[in-house]
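Derivation of every value follows stated rules applied to the coordinates shown; laboratory data play no part. The shown structure was predicted, so the numbers you read here are calculated from the model rather than taken from an experiment. Because the Cβ atoms are built from the backbone with ideal geometry, glycine has one as well, and the counts that use them run over all protein chains shown.
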Amino acid sequence: MSSTTERKRRRRYESPPPPSPVAAESAEEPDLISQLPDSILHSILSLLPIKDSALTSILSSRWRHLWEEAPLRLDDDSLWPHDLISMFNPFGGWSREAISRIFDSHHGPIEALRLSRFDEAEFHPAMNHFVESAIQRGIRELTLSSSKNQPYQLPPSLLLCKSLHQLSLINCRFPEALPPSIFPNLKELRLHYVPLHNGSLHILLSKCGSLETLHLTHTGELQLPSVSAVRNSLPRLRELVWHCCVLFKQAAIR
């Protein structure tokens, strides 16, 4: 065999295969998602888990800008770590630092926030900071949960929040002195193990005229008004649930 023939055969074996038609077609496909308007991409990002949504910021400078301004929906349960040391430390700094980093890097509105890892009173100042930041960014849905032994006291500014539409409180306390008008645009209120007195209940019923859903569970010894009185105070009410109250063990109207 001549040396020329051997060199040709070697080149034939060493040359890369031609690209497949499928690969060539895929390479030419445009990025249709990136061509969508910002408003639609903001909506998509707001529906993703926070970790997945934040990861899109590394795709390009435009995606970084999109994530920073998309409506934020943050549940601190989704930040739960996988290492054993952090898992046995209920809050321990890891969640507080993670939420702080998210708030610092995200500059858009906060649509929904759930804080449930603040069982110790020493972390309530951090909780205050996050709640205040959420109020300033137009929070619409808020869930706050603390421990029975160390309930979280709501900051007065939350009672006046105009953007808030849904509020769920577990083991929290209202301030001693309530303003004459609270939760001006609140549509859904769920109170679980939140002690109320008759005066605060009266304010809830008389000053939250936009309420459509009201749940009261283990809220203490109350002289509950009649159903007709509640309906008169809350003309938009569609769902009312009282559970483990003094006068009614359970009553629900849907």
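Mind listing the phi-derived Karplus ³J(HN,Hα) values for the stretch 128-133, rounded to whole Hz, using 6.51, -1.76 and 1.60 with θ = phi - 60°, and x for any glycine or proline?
4, 4, 5, 5, 4, 4
Please give, to one decimal in nm, the separation of the simple spin-label points placed at His197 and Ser147, each 7 Å out from Cα toward the Cβ.
2.7
Note down the nm distance, to one decimal, between modelled labels 7 Å out along Cα→Cβ at Glu120 and at Ser228.
Result: 5.4 nm between the two label points.
Starting from 0.36 nm per residue, how many nanometres of slack lie between Glu69 and Cys244 once their C-alpha separation is accounted for?
Gain in length upon complete extension: 58.7 nm.
Hey, can you rank 103-109, 201-207 by average C-beta count inside 10 Å, highest first?
Ranked from most to least packed, the peptides come out as 201-207, 103-109.
With a cut-off of at most 15 other beta carbons within 10 Å, and DSSP calling the residue loop, which trypsin sites (Lys or Arg not before Pro) in the stretch 108-176 qualify? Please list them.
Filter output for the stretch 108-176: Lys148, Lys162.
Taking the Cα-to-Cβ direction at Ser210 and at Glu176 and moving 7 Å from each Cα, how far apart do the two end points lie in nm?
For the pair Ser210/Glu176, the computed spacing is 3.0 nm.
Filter the chymotrypsin sites (Phe, Trp or Tyr not before Pro) in the stretch 139-245 to those in DSSP coil with at most 11 other Cβ atoms within 10 Å of their Cβ, and list the result.
Listed in order of number, the matching sites amount to none.
Using Cβ counts within 10 Å as a stand-in for footprinting exposure, how do Ser200, Ser78 rank, fewest first?
Final ranking by Cβ density, sparse to dense: Ser78, Ser200.
Counting other Cβ atoms within 10 Å of each Cβ, which GluC sites (Glu not before Pro) in the stretch 94-185 have at most 13 and sit in a DSSP loop?
Here the GluC sites (Glu not before Pro) that fit, given the DSSP loop and packing criteria, are Glu176.
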